[in-house]
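Step one of this worksheet: look at the structure below.
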Amino acid sequence: MLLRALTPRHQLRPSSLQCPGAVSLYCAAGTSRNASRTARKQEIVDLSRPLKHRALCHPFHPPFVMTPWDTHQPMVAGKTTFRTASYYISMSDHSGTHIDAPKHFDPTPGALSVDEMPLEDFYTEGICLDLSHAELGAGISVEEMETALSASGQEIKDGDTVLLYMAYNKRLSPEDPRWQHDFPGLVPESVHWLADRGCKIFGVEAVSPAPEGELNFIAHNICGERGITHIEGLDNLESLLGRGRFRFVGFPLKLVGGSGSPIRAVAIFD
């Protein structure tokens, strides 16, 4: 099926749903040259945190630095004056909303860097589970995962991206020093539980997928053992709850040899 986006500026607008960071767009689909086109409305929900100067990241990584480089100073060529703005950026490859590449947690030769990961991994179907009951710093058990999956009315299909809403950004602001340390997350058995069900990537709001300390190291190691990975630093996941399956998109930068990359994560609802 051929999909053509029909999105002139007057058709791209905020969604009527009360969903921050969401826009609606219209598509037309045709199955042949003479097939009639059927208008189809889609909603795109932004799941990414803003990247700004000194944005917090995991304490293991350097800060995100963004400072002016060009500031619209006039340049003249002949009779033409031109002004340009640009910024100098210094950052970790684990800044903001980002994906961990296998190379990040797998020291074996041949572990994939972010530029080597299949692009198909970042364009998948997805679901979101409500784990907002989890206490700060708590480990989330398999039983809790199963309860959340049952409550969602969904199933995890092979290759799915599974996003885990823990209401972390609602309870702690990034300006709060605890934000880098007090996050809930998965116990080791829950990481295995996701892998057993065919989940390729899972995502969390916090800077790590498991509570700080040993559990976090174990969770990363399991990802390496099971051939899965995760996204950290997501936002706005509450906008996905109770809405069923969606298309997840979150392409990384093509950082040669990178152990991760910022992504612009979105969920698309047809």
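The values are calculated or read from the model by the stated rules, or taken from the named source; none is laboratory data. Keep in mind that this is a model prediction, so the values were computed, not measured. Here the Cβ positions follow ideal geometry from the backbone for every residue, glycine too, while neighbour counts run over all protein chains shown.
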Would you be able to say whether some residue in region 8-22 is modelled with pLDDT of 50 or more, more than 19 Å from the chain's Cα centre (by Cα), assigned to a strand (DSSP E or B) and outside the structural domain of Pro211 (by TED's automatic domain parsing)?
-> no
With respect to Val191, determine if the residue is in a helix (DSSP H, G or I), in the same structural domain as Ala138 (by TED's automatic domain parsing), crowded, with 19+ Cβ neighbours inside 10 Å and under 18 Å from the mean Cα position of the chain (by Cα).
-> yes
Could you look through region 139-172, keep only residues that are within 14 Å of Leu240 (Cβ to Cβ) and among the small types (Gly, Ala, Ser), and pick out the one that is nearest to the chain's Cα centre (by Cα)?
-> Ala167
In region 94-115, residue surrounded by the most Cβ atoms within 10 Å (Cβ to Cβ) [restricted to those that are more than 12 Å from Pro262 (Cα to Cα) and among the hydrophobic types (A, V, I, L, M, F, W, C)] = Phe105
Being in a strand (DSSP E or B) and of a type outside the set (Ser, Thr, Tyr) is the filter; apply it to region 83-103 and report the residue that is nearest to Lys52 (Cα to Cα).
-> Ile89
Would you be able to say whether some residue in region 217-229 is in a loop (DSSP other than H, G, I, E, B), in contact (Cβ under 8 Å) with a residue 60 or more places away in the chain and of a type in the set (A, V, I, L, M, F, W, C)?
-> no
Residues (under 21 Å from the mean Cα position of the chain (by Cα) and surrounded by 17 or more Cβ atoms within 10 Å (Cβ to Cβ)) located in region 119-138 = Asp121, Phe122, Thr124, Gly126, Ile127, Cys128, Leu129, Asp130, Leu131, Ser132, Ala134
Considering every residue within region 164-180, establish whether at least one is farther than 27 Å from Phe64 by Cβ, surrounded by fewer than 22 Cβ atoms within 10 Å (Cβ to Cβ) and at pLDDT 95 or above.
-> no
If a residue has to be in contact with a Phe, Trp or Tyr (Cβ under 6 Å, 6 or more places away or on another chain), within 14 Å of Leu253 (Cα to Cα) and not small (Gly, Ala, Ser) to count, how many in region 69-103 make the cut?
-> 1
Filtering region 231-249 down to residues that are touching a helix residue (DSSP H, G or I) at 6+ places or on another chain (Cβ under 7 Å) and farther than 19 Å from Gln154 by Cβ yields Asp235
